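The structure under discussion appears below in the form of structure tokens.
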Amino acid sequence: MRKTRRTSRVGESVRDALVDVFRHEIKDLDLALLSITGVEVSPDMHFARVFVSGLDEKQTKDTVRELQQRKGFIRSQLGKRVRLRSTPELDFKFDETAMRAGRIEDVLAEINKEPKSDDE
């Protein structure tokens, strides 16, 4: 999705409203350790991709699946909180950025542990 000033602003509004929905409307899921890391809104404002991350990969992926199943309810609650002509369709995605960064750091640590040869 192409990012413009308008889509970024709407994405931030959607993100803030979703945090509010998660806090007040969804009681039966463990969302305490979940973070909405970003929201990308399509240029026509009809779709929003919501990136979610958490401490435990498996649990976060399971929660993302639950959110996908409840996106109709979440979208209706979102519509009550944001002022848009139409509420965007939601697509929840697991954000792997933090895990990738951790893997890169692990690889770099292994490289730094390797003994250097005398001819370097």
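Things worth noting here:
- Pairs meeting the criteria (first residue in the range 10-37 and without any contact (Cβ under 8 Å) to a residue 60 or more places away in the chain, second residue charged (D, E, K, R) and loosely packed, with under 14 Cβ neighbours inside 10 Å, beta carbons under 8 Å, at least 6 apart or on different chains) are Leu31/Arg23; Leu33/Asp56.
- Filter result (polar (S, T, N, Q) and closer than 21 Å to Ala32 by Cα) within the range 51-94: Ser53, Gln59, Thr60, Thr63, Gln68, Gln69, Gln77
- Test for Arg23: is it exposed (fewer than 15 other Cβ atoms within 10 Å of the Cβ) and within 20 Å of Leu84 (Cβ to Cβ): no
- Top-ranked residue of the range 85-98 - restricted to ones that are more than 13 Å from the chain's Cα centre (by Cα) and loosely packed, with under 14 Cβ neighbours inside 10 Å, ranked as farthest from Glu57 (Cα to Cα): Arg85
- Residue selected from the range 1-28 under the condition of a type in the set (D, E, K, R) and closer than 24 Å to Asp62 by Cβ, by the criterion nearest to the chain's Cα centre (by Cα): Arg15
- For the criterion of being surrounded by 15 or more Cβ atoms within 10 Å (Cβ to Cβ), closer than 13 Å to Ile74 by Cα, modelled with pLDDT of 90 or more and not polar (S, T, N, Q), Val50 passes.
The values are calculated or read from the model by the stated rules, or taken from the named source; none is laboratory data. Since the structure is predicted, the reported quantities are computational estimates derived from the model, not experimental observations. Using ideal geometry, Cβ is built from the backbone for each residue, glycine included, and neighbour counts are taken over all protein chains shown.
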